[in-house]
Amino acid sequence: MKFSRGDVLLVDGVEYVVLGSVTYRNTADGNCWDEYRMQRTEGCAEAWLSIDDVFSEYSVTHVVGERCPSLRGYHIVDHGHEVVIAASGSVDVVPGDQADFNEYEDDTEEKIISEELWSDGAEYSAGHYLDPEDIFLSRHDKAALGKAEALTRRRAYLITALALLVFCIPLLAGIFEFFSSLFYSPQTISHYLSRQSKTAAPRYSYVTSVTGEAKQKADVYSAGSAYSIDFIAEDIITAIEGETEYVQKDDEAGEGEEGSVAILTKKEYCLVYPSEDNNEVLVQVSKRKFTYTTDESPYRSNRHARRYYRRFYYSTGYSSDSSSYRKYSSPYSSFDDTSISYSDSNSLNTYSGTVRQDSINARRSDGGGLSNGK
């Protein structure tokens with residue numbers, strides 16, 4: 001069952017015109033399915049039609065936002081990782097974009113909620129299953145397509161005008177917002193871990209906080225045992241769009257032990273490391289001020305991780321922080337261990353640079369949020 005931009009469909013008795021389409025592939029089994037962005041021919045309400053002819057699964061959903069709706073009475077029926085392999089029309093994804101997804105259905109097995117976790121945030125949709133006979137191609141109508149696209153453009157212009165009005169009144173607030181928008185800042189590691197741990201299918205779970213000096217603290221998260229330290233480090237680097245100052249893996253770990261990864265950003269210091277019993281991957285993140293002022297080992301860390309945590313910070317961050325936090329005393333003023341040998345060409349730093357450049361290119365070409373997936 002294939003449709004084209006400009007096709008007018010009767011979906012569950014409601015007439016829509018197709019504005020665009022996206023074809024996804026499930027990386028687990030290679031199965032592909034199509035999703036069509038539609039707009040009602042009478043009005044401007046939008047919906048997404050999902051067509052999976054392989055498994056004979058059909059549904060219509062509406063985007064409900066970036067917050068997860070109540071899942072009471074729902075249970076998970078599918079999850080995985082999807083990759084965009086084709087896109088056309090008015091959608092804002094391109095081939096190569098990818099996301100984790102989770103699908104839920106209610107006890108009647110009729111209503112559904114879908115969750116997609118993209119690199120720039122989560123998106124949730126709600127709807128219901130369809131039978132094939134609920135989907136009918138009425139006609140191909142260029143006039144209906146033109147009308148729908150004109151409505152979409154007018155709605156975008158209206159949203160833009162309202163946004164400008166909000167930002168420009170009062171004048172000082174508008175000026176402040178304008179200049180603030182000139183200095184893009186990605187999310188912090190702390191924000192990413194906290195937000196991701198509260199999703200319906202979290203990769204990280206909050207463990208504890210370590211209290212330090214100068215009213216500072218470090219938060220500790222568990223990534224479980226399913227992922228390697230390198231995978232978690234790359235996931236964090238991707239989440240912060242490659243905005244690292246220094247990142248490197250400890251290549252001096254003990255036999256049979258995966259080395260820790262230290263990540264220093266402009267404001268934070270993070271260590272991805274094996275737990276002391278080597279049963280899980282832990283992530284500790286704090287502001288750099290915590291590390292500068294506090295002589296605490298990472299929570300439940302082994303000897304190699306503890307040593308690398310201190311050596312890496314002393315070698316990369318301590319010198320500049322001693323100027324920023326000069327009114328505070330630091331245990332690193334009497335540091336007596338060896339420095340690390342930092343290489344700009346190490347694989348994680350190279351990965352970080354690639355992610356950062358891709359993010360810059362994406363922001364330059366960003367066309368707005370229209371797809372069901374983003």
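Here are the numbers:
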item: Residues located in the range 30-44, provided they are on the phi < 0 side of the Ramachandran plot and either open to solvent by less than 50 Å² (accessible area, probe 1.4 Å) or in contact (Cβ under 8 Å) with a residue 40 or more places away in the chain (or both); result: Asn31, Cys32, Trp33, Asp34, Glu35, Tyr36, Arg37, Met38, Gln39, Thr41, Cys44
item: Residue check, Ile113 surrounded by fewer than 15 Cβ atoms within 10 Å (Cβ to Cβ) and of a type in the set (A, V, I, L, M, F, W, C); result: no
item: Exclusive hit being part of a helix (DSSP H, G or I), more than 25 Å from Tyr314 (Cα to Cα) and open to solvent by 40 Å² or more (accessible area, probe 1.4 Å), set Arg203, Arg195; result: Arg195
item: Tally of residues being under 27 Å from Glu213 (Cβ atoms), among the small types (Gly, Ala, Ser) and either open to solvent by 10 Å² or more (accessible area, probe 1.4 Å) or outside any strand (DSSP E or B) (or both) across the range 248-289; result: 1
item: Filter pass, Glu241 being within 21 Å of Gln357 (Cβ to Cβ), surrounded by fewer than 21 Cβ atoms within 10 Å (Cβ to Cβ) and not aromatic (Phe, Trp, Tyr); result: no
item: Residues satisfying the stated conditions in the range 314-339, i.e. more than 21 Å from Lys267 (Cα to Cα) and surrounded by 15 or more Cβ atoms within 10 Å (Cβ to Cβ); result: Phe335
item: Tyr308 being of a type in the set (Phe, Trp, Tyr) and either part of a helix (DSSP H, G or I) or modelled with pLDDT under 95 (or both); result: yes
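Okay, residues lined up against (1) under 16 Å from Thr23 (Cα atoms); (2) surrounded by 15 or more Cβ atoms within 10 Å (Cβ to Cβ); (3) at pLDDT 95 or above:
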position	(1), (2), (3)
Val54	yes, no, no
Glu66	no, no, no
Ser70	no, no, no
Val77	no, no, no
Glu82	yes, yes, yes
Val93	yes, yes, no
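The values are calculated or read from the model by the stated rules, or taken from the named source; none is laboratory data. As the structure is a computational prediction, the values presented were derived from the model and not from experiment. In this analysis, Cβ positions are derived from the backbone assuming ideal geometry, glycine residues included, and neighbour counts consider all displayed protein chains. Accessible surface is based on the protein model in full, side chains and every heavy atom, while ligands, DNA and RNA are left aside. Shrake-Rupley method; radii C 1.70, N 1.55, O 1.52, S 1.80 Å.
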